[in-house]
Amino acid sequence: MTADPLDVALIGCGIIGVNHARAIARTPGLRITALVDEVPAAIEQVGSVLANELGLDRPSAYPDIASLPDSIAVVVICTPSGSHVELAEQAVARGAHVVLEKPLDVALDRGHRLARIAEEAAAQGIRVAVISQHRFDPGAVAVAEAAHNGRLGRVTSAVASVPWWRSQEYYDSGAWRGTWALDGGGAVMNQGVHTVDLLLWFLGTPVELSAMTALLAHERVEVEDVAVATIRFASGALAVLHATTAAFPDQPVRLAVYGSQGTGIVENDQLAGLWLDGDPTDRRAEAVPEGHRLGEDPGPNPFVEGHARQYADIVDAIRSGRAPRVGVPEALQALAVVRGIYVSATTGAPVRIADLLDGTLSDDDVRTGGAA
């Protein structure tokens with residue numbers, strides 16, 4: 001027999017919330033029955049998408065998590081990053097599974113707090129997942145498998161670039177945008193965190209980094225719109241990360257992983273090249289499922305497709321009792337790298353990731369510097 005769908009409450013009905021609603025609607029085993037947002041127009045927008053665009057029942061509106069009905073099994077949090085931990089804690093206290101939009105939160109002490117919450121929740125059968133949809137892209141999976149299975153030989157280096165444009169109007173559109181308190185950073189934290197996560201997935205444990213950041217093309221913003229960093233991994237591999245919201249017009253996001261016997265390249269979420277086992281033949285056509293696009297337009301809703309893949313994993317994790325493929329531990333390591341970039345940019349010194357994760361080094365001071 002097919003299990004009844006899990007009732008979902010969507011917390012935060014802005015642009016990201018709308019896209020989550022579309023992805024959830026495509027995921028068997030989930031149905032949105034509740035919406036929470038302090039802006040009535042935002043709730044109306046998501047409700048309209050579900051009812052008019054997708055032909056689903058319009059969810060009920062609620063003022064906060066505390067007022068949600070007991071039937072809610074999953075709480076999806078799409079609010080500004082700095083509010084994630086408190087909302088997740090409230091949801092877990094209700095016995096609900098939690099899905100957090102990236103990033104985990106805006107500071108490591110809060111990330112550690114959420115890690116403790118998630119660990120205690122897991123002991124009660126409650127799952128906490130963090131969105132990292134690109135780990136589910138067929139192209140990224142192909143590169144990760146090649147790197148992990150030795151088909152690239154010894155992985156030696158990687159170059160990751162996120163060259164995007166965000167207008168001044170983008171930052172002016174919400175008081176939280178471009179702030180340390182709620183956005184938690186700029187081009188790296190907000191736009192580049194998914195690429196950071198893939199870099200860690202491909203290359204393994206990060207050990208040390210050095211970084212510089214700058215604010216060059218925007219006004220009335222506390223955070224960076226340009227960042228560059230070098231990262232050393234436990235394997236000895238080295239990586240270069242570049243992220244900006246000051247590249248007009250948007251350019252392709254590209255992540256290339258290089259090894260002694262092969263190379264894997266992901267560009268705009270598509271597998272752009274794959275060389276394996278010392279063979280100079282591009283093997284990408286063999287590496288992804290039939291029908292998956294290779295270097296072509298990914299279609300009108302790539303966001304929805306990627307999130308739907310991850311939501312399918314989350315449903316399976318809840319049903320089977322296993323951990324989700326991307327949970328708090330993975331997200332915490334990515335957050336440590338992002339915050340490490342800001343600490344290094346602030347202090348002008350290299351940063352050891354272990355020192356951030358064990359509390360030897362605080363990341364508090366980045367709220368007053370690092371973007372100049």
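The values are calculated or read from the model by the stated rules, or taken from the named source; none is laboratory data. Just so it is clear, the structure is predicted and the values come from calculations on it, not from any experiment. Quick reminder, even Gly has a Cβ in these numbers, built from the backbone with ideal geometry, and neighbours come from all protein chains shown. Ligands, DNA and RNA are stripped out before the accessible areas are found, and what is left, the full protein with its side chains, is counted by its heavy atoms. Shrake-Rupley method; radii C 1.70, N 1.55, O 1.52, S 1.80 Å.
Contact map, region 329-358: first residue farther than 17 Å from HIS112 by Cα and open to solvent by 10 Å² or more (accessible area, probe 1.4 Å), second residue assigned to a loop (DSSP other than H, G, I, E, B) and modelled with pLDDT under 95, Cβ cut-off under 7 Å, separation 6 or more or different chains; pairs are ALA345/GLY370; THR346/GLY369; THR346/GLY370. When ALA51, ALA142, ALA61 are checked against the criterion of being in a helix (DSSP H, G or I) and closer than 16 Å to CYS13 by Cα, ALA51 stands alone in meeting it. Counting the residues of region 26-61 that are of a type in the set (Gly, Ala, Ser) and surrounded by 20 or more Cβ atoms within 10 Å (Cβ to Cβ) gives 2. Does at least one position in region 92-108 carry a residue that is over 21 Å from ALA317 (Cβ atoms) and either of a type in the set (Lys, Arg) or not in a loop (DSSP other than H, G, I, E, B) (or both)? Within region 92-108, one or more residues are over 21 Å from ALA317 (Cβ atoms) and either of a type in the set (Lys, Arg) or not in a loop (DSSP other than H, G, I, E, B) (or both). Only residues that are touching a strand residue (DSSP E or B) at 6+ places or on another chain (Cβ under 6 Å) and either modelled with pLDDT under 95 or of a type in the set (A, V, I, L, M) (or both) were counted in region 127-164, giving 14. Scanning region 205-235 for residues that are small (Gly, Ala, Ser), over 15 Å from THR347 (Cα atoms) and in contact (Cβ under 8 Å) with a residue 40 or more places away in the chain turns up just one, SER235. For region 138-160, the set of residues classified as open to solvent by 10 Å² or more (accessible area, probe 1.4 Å) and under 16 Å from the mean Cα position of the chain (by Cα) consists of VAL141 only. Look through region 73-111, keep the residues that are within 17 Å of ALA123 (Cα to Cα), in contact (Cβ under 8 Å) with a residue 40 or more places away in the chain and open to solvent by 10 Å² or more (accessible area, probe 1.4 Å), and return whichever of them is farthest from the chain's Cα centre (by Cα). Within region 73-111, the match that is farthest from the chain's Cα centre (by Cα) is ALA73. Taking the stated definitions as given, is THR195 at pLDDT below 95 and either assigned to a helix (DSSP H, G or I) or under 20 Å from the mean Cα position of the chain (by Cα) (or both)? Against the criterion (at pLDDT below 95 and either assigned to a helix (DSSP H, G or I) or under 20 Å from the mean Cα position of the chain (by Cα) (or both)), THR195 does not qualify.
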